[in-house]
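Report on the structure given below.
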Amino acid sequence: MDHVTVITGGSRGIGAATAARLAAGGHRVAVAYQHAAAAAEAVVAAITGAGGAAVAVRADTAVEDDVVRLFATAAAELGAVTGLVNNAGTTSTIGPFAELATADLRRVVDVNIVGAFLCAREATRVLPRGGAIVNVSSAAATLGSPGEYIHYAASKAALDTLTIGLSKELGPAGIRVNGVAPGIIRTEIHAVSGDPDRAERAGAGAPLGRPGEPAEVAEAIAWLLSPAASYTTGTILRVAGGR
Ligand code: NAP
């Protein structure tokens, strides 16, 4: 099968590493982003410069029309879409639950649940037999993130339930749905949480003694999308250094 894969949040961090890894493995990739146009174009330029096929598409995953346009553009530019890396996500300032701002709660739910569900729904409408979805969850979904961001952890637990339910619904259609649950990975998301050094500090407490790299998560995503994982569906693969 020719792989044409949509990667939401492909401009930076785990999404950008996944775009590079999948393109190196022969996927044609749509690199979706919200604001970081230059970063997304740089990811695309690196791929096309190495002989691959990629396109950058601006799409706020929490906006239904953007999601529909993202998949339509990917198909028009690269061919029929066969896979989704449902990766775009956000968090908000670290703090105790009592101090959670309602606007932060709504934004996290809007992006991490509504947006991810809209992308999965659009993929469900277009993926062929043999297609696959990987939802990017978090180890937080089972750890709960007390004192940091319980609402974020809960949003990822919702995504895990989507993975389980959708894998069962789409199994008969020959479409696999899996998740990855990264631990503490060295990306810019920690700056959003108001603690840019969090990856170094908290990562040191993982059994493997360090934060993970985006490329280490990309490797798991690439396997789950590949024919090598042909009997794997409904699973959430932890890439969390033992956390
Ligand atoms: P990151 O470096 O902050 O990158 C986030 C990406 O998501 C960016 O490409 C951003 O686009 C995009 N994005 C955010 N909100 C969006 C929206 N509403 N619509 C479209 N795109 C949006 O984050 P990351 O650490 O790579 O995280 C990627 C995923 O892994 C997230 O789902 C996150 O929850 C999960 N995760 C991360 C860690 C970690 O420690 N880093 C751990 C567990 C799980 P722009 O560049 O245009 O802003």
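Amide H to amide H distances under 5 Å link V57 with V31, A32, Y33, where only residues 5 or more positions off or on other chains count and H is placed in the peptide plane.
How much FRET efficiency would the formula 1/(1 + (r/R0)^6) give for T102 and T161, where r is the Cβ-Cβ distance and R0 is 25 Å, rounded to 0.05? Please list the in-between numbers first.
Details: r = 24 Å, r/R0 = 0.94.
Plugging the Cβ-Cβ distance into 1/(1 + (r/R0)^6) gives 0.60.
In units of the compact-protein estimate 2.2 N^0.38 Å, segment 199-240 shows a Cα radius of gyration of 1.41.
Here the Karplus curve 6.51 cos²θ - 1.76 cosθ + 1.60, taken at θ = phi - 60°, turns the phi angles of segment 147-160 into couplings of x, 10, 7, 4, 5, 5, 4, 5, 5, 6, 5, 4, 5, 5 Hz, with x standing for Gly and Pro.
Annotation for segment 209-243 versus segment 127-198: alpha-carbon center distance of 11 Å. Apply the a/c threshold of 1.5 to the C-alpha gyration tensor of segment 166-243 and tell me whether it is rounded, prolate or oblate. Since a/c reaches 1.5 and a/b is larger than b/c, the shape of segment 166-243 is classed as prolate. Multiplying the residue separation of A75 and R121 by 0.36 nm and removing their Cα-Cα distance gives an extension gain of 15.0 nm.
Which of the three applies to segment 96-243, rounded, prolate or oblate, going by the alpha-carbon gyration tensor with a ≥ b ≥ c and a/c under 1.5 meaning rounded? Oblate, because a/c is 1.5 or more while a/b does not exceed b/c.
Helix content alone sets the calculated 222 nm mean residue ellipticity of the chain: runs of n ≥ 4 DSSP H residues at -39500 (n - 2.57) each, divided across all residues, give -13000 deg cm²/dmol. For N135, the amide hydrogen comes within under 5 Å of the amide hydrogens of N86, N178, G179, V180, counting only partners 5 or more places away or on other chains and with H modelled in the peptide plane.
We did not get these values from a lab; they are worked out from the coordinates using the rules stated. Owing to the predicted nature of the structure, the values given are computational and were not obtained by experimental measurement. In this analysis, Cβ positions are derived from the backbone assuming ideal geometry, glycine residues included, and neighbour counts consider all displayed protein chains.
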